[in-house]
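To start, the structure under review is shown below, and the notes come after it.
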Amino acid sequence: MGDRVTQSRQDQLAHARRLQDALESGAAPAFLNPQDRPAASTSCSAASCPAPAPPNGSSADFANQGFANSEIRLQFIGQMSEASPDGVSIVDCDNHVLWANDAFLTLFGYDHAEVHGQSLENMIVPSERLAEVQWSIEAIAKGQNITLETQRRKKDGQRIDVTLSIVPLFWEGKIAGYSATYRDISDRKRMEALSSALYRVAEKSSSAHDLQQFFAAVHSIVDELMYARSFYIALYDEANDLITFPYFVDEHDAAPPPKKMGRGLTDFLIRSGEPLLATPEVLQGMEDRGEVERNGSRSLDWMGVPLKVNNHTFGALVVQTYTKNIRYGERDKEILTFVARQVASAVEIKRNEQALRRSEARYRSLVQSSVYGIYRSSLEGRFLDVNPALITMLGYASAEEVLLLDPEKDVFARAEEHTHLIDEFRRTGRLDGIEVKWKRKDGKLITVRISGRAVSSADEPADVLEAIAEDVTDRRVLEDQFRQAQKMEAVGRLAGGVAHDFNNLLMVISGYAEVILAELDMANPLHEKARAIQQASDRATTLTRQLLAFSRKQLLELKVVDVNTIVEDMERLLRPLIGENVDLVTKLAPDAGHTRADAGQLEQVLMNLVVNAKDAMPDGGTLTIQTQRISVDDSHRWGQTFIRRGSYVLLTVSDTGMGMDKETQSRIFEPFFTTKEKGKGTGLGLSTVYGIVKQSGGYVMVQSEEGRGTSFHIYLPRVDAPAESHAAPVARTAVGGTETVLLVEDEESVRQLVRETLTAKGYQVIEAENGEEGLAAAAKHEGKIDLVITDVVMPGIGGRELVKRLAETRPQTKVLYLSGYTEDAIGGEGTIEMGAAFLQKPFTLQNLSRKVREVLG
């Protein structure tokens, strides 16, 4: 065994020498010829670099990468590596460098003579990473490629973060060494650390109980970014011209007492408001020019950055080092500047909070806990004092920001309203519920009702207004929403009424067209004319049903459905519909959940929205259908609409089309409103969507911007019950019977059509024009009445009352309701009364026959 290992080691060293000679001379021996590989791996230790056949797909396996049967020369490897921006080295099995490109030398600070033949471990591997090197050697010995993020050491001792990629090199079928590629990721790591630090500073600013606790947390965070064993924060009180050191940690000096502004480095920094890196040379020059005087122990590098808000410097953040091998650079100064900005904002907020608490006695007239905005203003309208509610109402962070505002320009949306308010105050000395429009900091307009009076005290003039400002935006939104709902309800009632009467007419037209088609032979020239009548009737029926959908008077078969399943089922139909130039993307959340709705109507909603989206992208684009689960609280509002609190399935249909302006968005759900060319739309598609969603207890919202696409958001109430099957009913052949039917219908033409159809099917028909006649006819008939077919709304006794009275004497008689819209025969939630059969006009005679047979059993 020992002889075999020795021989293997000798062979390996011979391969390494040949590899080194080839690298130095550019000779052309064949590299990695497949025929030179051994048939199987040999057993040896990692230290002696074993020679297994490299695995298929190995990065170094040029034969498997399209280079089979060709000579790959080491010269080619060198040329490729030399051109690489990353540092590349070729190393033998003893970890000695055979070759390195210029990028490698630049990265680690060596020259060729220092690198050639040297141990990679001694040159660039930190001591704590030696175990990592050993692991890498073992992996290479198995023919494995390695990629990892780690640290390496430069010649000057500086650590750098690198991405290390190691690929084994095969020579005549055996591992002769490896190629190591180093990419400097120090900047990326530094930015990641900085980003994390800034986030943690912001987090600590909220969680810290006081500034001392916050400063300690900042010190810890900065110490992770750079050497910060000596660290302090100085604050400047401009009113008293005093510098204090609320947090001071130093290797040599104790915290100094508060002092007047002088000529120290901290003082210079606060005066200049600019970051300063004072190396020994820089500090000496400043002292020679008389700009600063040295205080405390002499540090090697002193680095400070200002704490400032809105270009006003109120303090300094400082680190310093006393050790020669730890120096700061410009990059450290930039990092500390970023941190200082975050710290300054937090300090300013904390100081304002403390100042606010100290001034409570001075501002007792302001109710700090009030939900209403309270303020004092001068006769010119300038804010003198404000309470937190008013600051929040206007969207600012501090009272100081609000006090600096010019109300006429910065607060009042309309200057004339400001003028009117001041004139009213001057004239009467008070304000009583005057409503104005204010602008928040973010530009959003709010409606505010202002009431106030003139107040005076010993230290202020009489013409000071103390006022209460109530944000009534939400109340006005609700009022507008109510008015809009009333408008839509009125339009819906009109649409539903028209559809109801029109359905009776369509019933006769479509019914007799069906009769004529049944009687005429296909060869008869009148057959096509009758078919045209029927087709026109079908189109008119579609329009009336869309009107009924908008007016929420259509029949919904409510079941628990899985919204994701409906979208998935529809996806197959939608892809051919939208065309090849539109990409359809679905993002379905697995936990979106179930809702109670009519599956067919929900499919119609999806179809209408997709068609609209396709039409909005004539040149193609992306259409996205997304579902998700969402919980809504009492404060949730979308635009001008409040959404009831609860859990919802949110269905969103988005496009990248032309978008809509605000005027169009305000009218899109109105029936017959359309922006399409004449003949290309009825204007009922979105009206139908609105009606179906509302009747299902949901909400539909639109979000759009011209040139940036449109999104429709549908909120459907979520239920926890399991989904029910919603398969389409199987059509059955209409058959007749011999039962007795009582037909009660006030529309004579409809009554005649139904009677003729039933008689032709063999039924015995007793007809009546209204409820009273129906009861009389039932009382007069001595035999059994198997079925009552009745319209719901009739003069005098309606359909429900008729059925109720008839059930007293004929409880076994079955019922079939007819109506032009379903509001007559449905409950408050849009569902048919328990046990009631229903046919919505207009219906086909075939459907009538099938329904009658179905009810009779």
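Using the average count of surrounding beta-carbon atoms within 10 Å as a protection proxy, the listed peptides 192-199, 250-257 rank, highest first, as 192-199, 250-257. With θ taken as phi - 60° and the Karplus curve 6.51 cos²θ - 1.76 cosθ + 1.60 applied, the whole-hertz 3J(HN,Hα) list for segment 465-472 is 9, 9, 9, 10, 10, 10, 6, 10 Hz, x standing for glycine and proline. All other residues whose Cβ lies under 14 angstrom from that of Tyr232 are scored, Lys and Arg at +1 and Asp and Glu at -1, for a net of -3.
Averaged over residues, the count of other Cβ atoms within 10 Å places the peptides 165-173, 573-581 in the sequence 165-173, 573-581, highest first. Each peptide in 394-404, 148-158, 648-658, 232-242 was scored by the mean count of other Cβ atoms within 10 Å over its residues; highest first, the order is 648-658, 394-404, 232-242, 148-158. Between the amide H of Gly429 and any residue lying 5 or more places away or on another chain, no distance stays under 5 Å, with hydrogens modeled in the peptide plane.
Partners of Lys260 within straight-line reach, counting lysines whose Cα lies under 25 Å from its Cα and excluding those fewer than 8 residues away in the same chain: Lys308, Lys350.
What shape does segment 190-233 take by its C-alpha gyration tensor, where a ≥ b ≥ c are the square roots of the eigenvalues and a/c under 1.5 counts as rounded, a/b above b/c as prolate, and the rest as oblate? Oblate shape, in that a/c is at least 1.5 and b/c is the bigger or equal ratio. Charge tally around Lys260: other residues with Cβ under 15 Å, Lys/Arg +1 each, Asp/Glu -1 each, net -2. With θ taken as phi - 60° and the Karplus curve 6.51 cos²θ - 1.76 cosθ + 1.60 applied, the whole-hertz 3J(HN,Hα) list for segment 370-375 is 5, 7, 9, x, 10, 8 Hz, x standing for glycine and proline.
Measuring nothing but how far apart in sequence close Cα pairs (under 8 Å, 6+ apart) lie, relative to its length, segment 765-818 scores a relative contact order of 41 percent.
For segment 503-539, the set of GluC sites (Glu not before Pro) satisfying both a DSSP loop assignment and a count of at most 16 other C-beta atoms within 10 Å is empty.
Pairs of Cα atoms under 8 Å, at least six residues apart: use those to get the relative contact order of segment 123-241, whole percent. About 15 percent, as a whole number. Between Lys814 and Leu787, Val788, the built amide H atoms are under 5 Å apart, and every one of these is 5 or more places off in sequence or on another chain.
In the context of the full set of protein chains, residues of segment 234-307 present 50 Å² of accessible surface per residue (probe radius 1.4 Å, heavy atoms only). To the nearest 10, the accessible area of Arg426 is 140 Å² with a 1.4 Å probe.
The values are calculated or read from the model by the stated rules, or taken from the named source; none is laboratory data. For clarity, every value in this text was computed on a predicted model and none was experimentally measured. We place every Cβ from the backbone using ideal geometry, glycine too, and count neighbours over all the protein chains shown. The area values use the complete protein model at the heavy-atom level, side chains included, leaving out ligands, DNA and RNA. Shrake-Rupley method; radii C 1.70, N 1.55, O 1.52, S 1.80 Å.
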